[in-house]
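Colleague: What follows is a structure written as structure tokens; I'll ask about it next.
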Amino acid sequence: MTQAKLPLQESVSLESLVSDITHFEQVIAHWDENQKVVVEGLKNAIEALHKEALTRLIRSVKQESMPALRQAVQDEVVYSLLHYHELIKPPTPSLEIRIQQALDEVRPGLQSHNGNVELLAIKLPDTVEVKLVGNCSNCPASTLTMKDGVEQAIKTHCPEIKNVVSVNTPVKRGKASNTIASPFAAQEETGWVALANIDQIPEGGILAVDVDGLKLILTRVGNDVIAYRNSCSHLAKPLDKGEVIEGILTCPFHNFKYHLATGQCLTAPEMTLQQYPVTMRGDRILIQC
Ligand code: FES
């Protein structure tokens with residue numbers, strides 16, 4: 001006599017299980033506080049029971065067969081549930097992935113200066129070799145860019161890395177120019193664009209303006225208006241929330257100080273703010289960009 005096979009139970013996807021939970025959470029969100037407290041209490045009690053059962057199950061399976069446990073955790077529903085109950089840690093990404101994540105974090109700042117950074121080598125156990133490229137490679141600020149940007153990001157993502165070595169030759173002081181922070185230098189001159197009225201610019205203070213995505217700060221001494229790119233020469237962060245005291249603008253991120261009348265950086269004298277030509281028509285301030 002042949003035995004009839006029982007139909008395999010159809011497995012339910014993680015998405016549909018999560019979507020059921022989300023649906024009920026949305027319904028409960030409209031209940032009054034007393035009802036919510038009861039539901040929350042019930043949920044916590046059930047979860048505590050499940051967590052205890054899962055803990056005992058893991059302990060028991062571990063004793064019998066670690067491979068079986070590893071195999072079970074490959075299942076996305078099992079993994080998600082154990083992760084939810086903090087019974088399993090997410091796998092740590094490889095060292096190379098974490099280094100690339102760190103570099104991706106600093107890249108927008110470097111790219112805004114037409115530069116970039118490349119990972120050259122990982123020398124275990126604790127050293128990484130990198131190279132600044134583009135404008136960053138021959139910028140007088142490259143040592144700071146490495147130390148405060150690249151090195152700090154790598155060490156935050158990869159605490160096991162103790163040395164971040166740049167293969168670039170440091171650029172000597174005295175070679176600074178206004179092109180240090182100049183992602184727009186290659187643009188063609190497109191004429192004069194009106195920015196603001198002179199009385200909108202606080203005397204001795206700054207006004208932030210945006211010209212088709214070009215972010216600037218304007219400052220004024222009497223009728224003399226100066227426009228700078230709203231970008232710190234250190235790590236290209238915006239300066240418009242910085243404090244101005246007696247003509248000195250302090251970057252709110254790492255406290256680099258700039259002389260507003262000249263754009264000169266007082267913290268790292270080889271660096272300057274990028275300045276734009278300004279003219280006036282009546283009360284209107286125009287910039288050439
Ligand atoms: S971004 Fe570091 S001091 Fe401005």
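The values are calculated or read from the model by the stated rules, or taken from the named source; none is laboratory data. Being a predicted model, the structure only gives us computed values, none of them experimental. Ideal geometry is used to build each Cβ from the backbone, glycine not excepted, and the neighbour counts take in all protein chains shown.
Colleague: Would you check which residues across the stretch 199-218 are part of a loop (DSSP other than H, G, I, E, B), over 25 Å from the mean Cα position of the chain (by Cα) and free of Cβ contacts under 8 Å to residues at least 60 places away in the same chain and list them?
Modeller: Selection gives PRO202, GLY204, GLY205.
Colleague: Quick one: which of ALA194, ALA185 is away from the ligand (no atom under 13 Å from the Cβ) and at pLDDT 80 or above?
Modeller: ALA194
Colleague: Restricting attention to the stretch 261-270, which residues are within 15 Å of ILE206 (Cβ to Cβ) and either of a type in the set (S, T, N, Q) or surrounded by 22 or more Cβ atoms within 10 Å (Cβ to Cβ) (or both)?
Modeller: Within the stretch 261-270, just THR262 meets the criteria.
Colleague: Of the residues that sit in the stretch 221-230 and are in contact with a Gly (Cβ under 9 Å, 6 or more places away or on another chain) and modelled with pLDDT of 90 or more, which one is surrounded by the fewest Cβ atoms within 10 Å (Cβ to Cβ)?
Modeller: Looking at residues that are in contact with a Gly (Cβ under 9 Å, 6 or more places away or on another chain) and modelled with pLDDT of 90 or more, I get ILE226.
Colleague: Checking the conditions here, which among LEU235, LEU249, LEU273, LEU239 is surrounded by 21 or more Cβ atoms within 10 Å (Cβ to Cβ), without any contact (Cβ under 8 Å) to a residue 40 or more places away in the chain and within 11 Å of the ligand (Cβ to nearest atom)?
Modeller: LEU239
Colleague: Can you find even one residue in the stretch 78-101 that is within 30 Å of VAL133 (Cα to Cα), in contact (Cβ under 8 Å) with a residue 24 or more places away in the chain and aliphatic (A, V, I, L, M)?
Modeller: Yes, the stretch 78-101 contains a residue that is within 30 Å of VAL133 (Cα to Cα), in contact (Cβ under 8 Å) with a residue 24 or more places away in the chain and aliphatic (A, V, I, L, M).
Colleague: Quick check on my filter: what residues within the stretch 197-214 are surrounded by 13 or more Cβ atoms within 10 Å (Cβ to Cβ) and at positive phi?
Modeller: The one that is surrounded by 13 or more Cβ atoms within 10 Å (Cβ to Cβ) and at positive phi: GLY204.
Colleague: Only one of TYR276, TYR258 is hydroxyl-bearing (Ser, Thr, Tyr), within 25 Å of the chain's Cα centre (by Cα) and either at pLDDT 85 or above or in the same structural domain as GLY115 (by TED's automatic domain parsing) (or both); which?
Modeller: Criteria check complete, one pass: TYR258.
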